[in-house]
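Every number in this text was worked out from the coordinates using simple rules, so none of it is lab data. Since this is a predicted model, take the numbers as computed values, not measurements. So basically every Cβ, Gly included, is an ideal-geometry build from the backbone, and we count neighbours across all protein chains shown.
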Amino acid sequence: MKYKRTILVTGGAGNVGGSLASRLVSDPENYVVVVDDLTTGERSKLPVSTTDNYRFVKLDVNKYEGLAALMTSVDFDYVFHYAALVGVQRTLDNPLSVLADIDGIRNVLELSKNTGVKRVFYSSSSEVYGEPFEIPQNEETTPLNSRLPYAIVKNVGESYLKSYYREFGLEYTIFRFFNTYGPNQSEDFVLPKFLRSAIAGAPITVYGEGAQTRTFCYIDDNIDTTIRCLYEDYCINETVNVGSDDEMSILDLAERVIDRIGSKSTIKRLPALTEGDMMRRCPDNSRMREILGRPLLSLDEGLSKMIESYS
């Protein structure tokens, strides 16, 4: 069968990568190959499909040979490079493993250039902004000032994509993801952790005073944005923030979750983290809203979906 698009998704056994891959596979005009080394990804997050337009390959994109064998045997039109070591504490504990992700970025771009890929979509992160100079954080005007290995690697990845475009004409789109939650997100992350604790009636832990702020984007808003960038040619050779602009403190989030569940959980304060817990995060998401063409889901709507999935 001739497919309209042949797409590679790296890191497709993670929260965002798996959700993206599942949505792509649901379109019969796509042929989708998902790769993941399953170090932090889980098979349960991979697409569930009975059709012939999907294939999973277990491999580490940071190792050139396996990825080269795949990308030279399949004519990919598009690559979504989402494979990365994630999670603040995990990346702080494993800085060398984080730096190894630079190899994967280079492998993906070099092979994309050599095999005729039309565009590479890259999952960067709000972490590149570091402690903010301005709120909201804008793709073009806000300086990137994080010193954490994870953020530095994401910044290096962005530079690689721009350099391959300038040198070779390989087109790209950079997504700077802010906190994205959904049913597949692991309990390493704050919102599922809070929800699980509240459902169990266990204490909810916050670091320091809980005054640090974040925004929370439901997975459907993330995926709808990225899919439209593919299908409708938005953000070619551009960077776009992908996240909610509803900023709240972590303490407020804990109280909101307790209230929403009707839980007897208490809030337990732990010492503030010494590294990696930036005080504020909030994107200028005007470009994302333009792409979506609709309002983002509210946190209350997203919490309802999460609670339903857990039950």
Based on the alpha-carbon gyration tensor of the range 1-125 and its eigenvalue square roots a ≥ b ≥ c, which shape applies: rounded if a/c is under 1.5, prolate if not and a/b is larger than b/c, or oblate? oblate
GluC sites (Glu not before Pro), restricted to the range 1-105: which are DSSP loop and have at most 13 other Cβ atoms within 10 Å? Glu29
per DSSP, antiparallel bridges as share of beta bridges in the range 151-269, % nearest 5, sits at 15
From the Cα gyration tensor of the range 10-73, with a ≥ b ≥ c the square roots of its eigenvalues, which class applies: rounded if a/c is under 1.5, or else prolate if a/b is larger than b/c, or else oblate? oblate
I'd like the antiparallel share, as a percent to the nearest 5, of DSSP beta bridges with both residues in the range 1-95. 0
Nonlocal amide H pairs with Tyr31, under 5 Å, H built at 1.01 Å: Arg5, Thr6, Ile7
Express in whole angstrom the spacing between the alpha-carbon centres of the range 169-212 and the range 1-31. 24
Take the alpha-carbon centre of the range 238-258, take the same for the range 103-126, and report the distance between them in whole Å. 29
Name the long-range amide H neighbours of Thr205: under 5 Å, sequence gap of 5 or more, or other chain; modelled H, no Pro or chain starts. Lys268
Under the rule rounded for a/c under 1.5, else prolate if a/b exceeds b/c, else oblate, using alpha carbon gyration tensor axes a ≥ b ≥ c, the range 94-133 is classed as oblate
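Highest first, please rank the peptides 114-126, 201-213, 164-176 by the mean number of other Cβ atoms sitting within 10 Å of their residues.
Working: 114-126: 19.7, 201-213: 16.3, 164-176: 18.1.
Ranking the peptides 114-126, 201-213, 164-176 by packing returns 114-126, 164-176, 201-213.
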Read phi for every residue in the range 240-247 and hand back ³J(HN,Hα) as whole Hz from Karplus 6.51 cos²θ - 1.76 cosθ + 1.60, θ = phi - 60°, with x for Gly and Pro. 9, 5, 10, x, 6, 10, 8, 7
Could you check what % of the DSSP bridge pairs in the chain are antiparallel, to the nearest 5? 5
Within the chain, pairs of Lys residues whose Cα atoms are less than 16 angstrom apart, provided they are eight or more positions apart or on distinct chains, add up to 8
